[in-house]
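Student: The structure under discussion is supplied below as structure tokens; questions concerning it will follow.
The values are calculated or read from the model by the stated rules, or taken from the named source; none is laboratory data. Since we're looking at a predicted model, the values are computed, not measured. Just the protein is used for accessible areas: all its heavy atoms, side chains included, with ligands, DNA and RNA removed. Shrake-Rupley method; radii C 1.70, N 1.55, O 1.52, S 1.80 Å.
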Amino acid sequence: IYNCRFDMDPYRLSTDIKFANQIAQTLNIDERMKLQIALQKINDSESITVKDYYIALGLQLNVYEFPKKKFYWSSNDFVFKELPEINLEYKSQVDGFRAPFKGQHDDILIAVPEGDGGQDNAAQDNDGQPVDVDPLAETDQDLDIKKPPKPFTELDRLAYVVRSIDQDCTALPVGALKLTPTHQLRYNETFKGLSMTEALKLQNYQHFKPAATEEKLEFISRGEAVFAYDFLDPLTTDLPKGCWSVHTDSSKTEITVRSLLWPGYLTYHRANSNIFGFVYFGDGIKNIDLPFLL
């Protein structure tokens, strides 16, 4: 995952990607140049890499309380296409995949059992019988039908993994974001960075996703979030306990907060500066054994 500020300039990719050196990862010159060109076509973008895939995340900022996220994906051709929504039909099986990504997005990982697709993929009622579709009906509820099952492909798995990493990991230092009086999230232009002492404390980092804990939701509903910067969920409440580790480099100026749940993810911040972001270099496999290792 590569992420910078809301107003990220894609040309910062070459300078910010060096923070991944702390986990012995980087992008080569060819990848950097092609990504910079490709990201110019997507406004307010960030990028994620999972093996042979690159993903760009567009942010729609003028949304109440939290930007709307939209993901795009690319393989080695660096031509971005919209990432499909999660195929929840096979959600329970996805975490069980332990094999690395192949880079073949149309590979079928879970085939539809023979006969489950219906005749010519026709719409079916709850008893599995074909039904005539009313062209004037607006929703599936109006039709009272179920959609025919679809095979689960590597692209479906990629969509699930990308959103899982985004949900579990993406984080920024407290103070980097602000909530305006109209309840819109913005980059805090007055943020000068955390001190080295504060940057080494896990409590000074919060998730880059809508608040979910009761405490933060009440804090926002009372209107107090406009006057504070810690209005999103902190990393300290994440489970299992101990799933994050904080590190500094030899210069004692650059801090990385690393996930043990998704090895390869880190949030980075240069103390006493407005340089921060997050990046992921990994195989897209969640460390589901972590609770038993801590």
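Student: Given axes a ≥ b ≥ c from the Cα gyration tensor, I'd like to know whether region 138-294 is rounded (a/c under 1.5), prolate (a/b larger than b/c) or oblate. Mind showing how you got there, number by number?
Tutor: Numbers: a/c = 2.20, a/b = 1.33, b/c = 1.65.
The shape class here is oblate.
Student: Under the classification rounded if a/c is under 1.5, otherwise prolate if a/b is larger than b/c and oblate if not, where does region 177-266 fall, given a ≥ b ≥ c as square roots of the Cα gyration tensor eigenvalues?
Tutor: oblate
Student: By accessible area of protein heavy atoms, probe 1.4 Å, what ranking do Thr213, Thr182 get, highest first?
Tutor: From most exposed to least exposed: Thr182, Thr213.
Student: Could you run the Karplus curve 6.51 cos²θ - 1.76 cosθ + 1.60 with θ = phi - 60° over region 235-242 and give me ³J(HN,Hα) per residue in whole Hz, x for Gly and Pro?
Tutor: Couplings: 5, 5, 8, 5, 10, x, 4, x Hz.
Student: Measure off, as a whole percent, the carbon and sulfur share of the 1.4 Å-probe accessible area of region 141-283, all protein chains present. Each step should come with its number before you reach the end.
Tutor: Numbers: 3310 of 6150 Å².
Here carbon and sulfur together make up 54 percent of the probe-accessible area.
Student: Through the Karplus equation 6.51 cos²θ - 1.76 cosθ + 1.60, θ set to phi - 60°, convert the phi angles of region 262-268 into ³J(HN,Hα) values in whole Hz; use x for Gly and Pro.
Tutor: With coefficients 6.51, -1.76 and 1.60, one gets 10, x, x, 8, 8, 9, 10 Hz.
Student: Counting residues in region 216-293 as N, plug N into 2.2 N^0.38 Å and put the Cα Rg over that result.
Tutor: Relative to the rule-of-thumb radius for its length, region 216-293 sits at 1.33.
Student: If you rank Asp238, Asp289 by how much accessible surface each has, with a 1.4 Å probe, what is the order from largest down?
Tutor: Asp289, Asp238
Student: Quick query: amide H of Gly277 versus all other amide H atoms, modeled in the peptide plane; which residues come in under 5 Å with a sequence gap of 5 or more or a different chain?
Tutor: Tyr268
Student: Taking amide hydrogens as modeled 1.01 Å from N in the peptide plane, which residues meet the under 5 Å criterion relative to Tyr205, leaving out close sequence neighbours?
Tutor: Excluding prolines and chain starts, which carry no amide H, the hits are Val174, Leu235.
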